[in-house]
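Report on the following structure.
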Amino acid sequence: MGNDAELYRRFLDGDDNGLVELIDIYNEGLSLYLNKIVENICEAEEVMQETFVKIAIKKPKFNEKCKFKTWLYTIARNCAYDYIRHRSRFADTSKKNYLIEEQKIELHRAMRRIKPDYSQVLYLMYFEDFKTDDIARIMHKSKSQIKDLLYRAKRSLRSELERAGFIYEEL
């Protein structure tokens, strides 16, 4: 059994200094290796720390079928790939959320640029989920006037959005 494996065994037996010494030995090399996978030195250091946290908490068994260093780097590699999977899911979600928010902002800007009655009827119909009858009561208009107003409001809003270089799919 190599010195590194002995340090790990000391840690498993309750001597935290064994893990501290392993971190001292491997933190730099492991970070550089992980940087090749995650392509960012700060993230590589984060994954390196996560690797040692995983070892400290889960205390996986070292079976001595390979060198300790090989075993450690295998755990680190798995942590890096988990990190990349999580990062890509988060990045995709963040981009989608950003685009949705930008669409909402542009929609509200365009609604401020159309006639107030148009904006009001669209707001009541699509943001407050009022039915045509209710909108007619609120705006003191007939049901057919609301239908006509809604038709003209949609056209006006669509035109305003297209002028801004944006097409809102739900119109």
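Some notes on this structure:
- Any hit, region 70-82, residues being free of Cβ contacts under 8 Å to residues at least 40 places away in the same chain and over 29 Å from the mean Cα position of the chain (by Cα): yes
- Test: residue in region 119-128 that is farther than 24 Å from residue 99 by Cβ, in contact with a helix residue (DSSP H, G or I) (Cβ under 6 Å, 6 or more places away or on another chain), assigned to a helix (DSSP H, G or I) and without any contact (Cβ under 8 Å) to a residue 60 or more places away in the chain: yes
- Some residue of region 69-83 being within 28 Å of residue 33 (Cβ to Cβ) and at pLDDT below 90: no
- Residue within region 95-116 that is at positive phi and not assigned by TED's automatic domain parsing to the domain that holds residue 22 present: no
- All conditions in (1) surrounded by 15 or more Cβ atoms within 10 Å (Cβ to Cβ); (2) over 30 Å from residue 160 (Cα atoms); (3) not hydroxyl-bearing (Ser, Thr, Tyr) hold for residue 53, with the sole exception of (1).
- Test set (1) assigned to a helix (DSSP H, G or I); (2) buried (at least 17 other Cβ atoms within 10 Å of the Cβ) - residue 62 fails condition number: (1)
- Subset tally (residues that are part of a helix (DSSP H, G or I) and without any contact (Cβ under 8 Å) to a residue 12 or more places away in the chain) for region 129-166: 13
The values are calculated or read from the model by the stated rules, or taken from the named source; none is laboratory data. Model, not experiment: these values are computed from the prediction. Note that each Cβ is placed from the backbone with ideal geometry, even for glycine, and that neighbours are counted across all protein chains shown.
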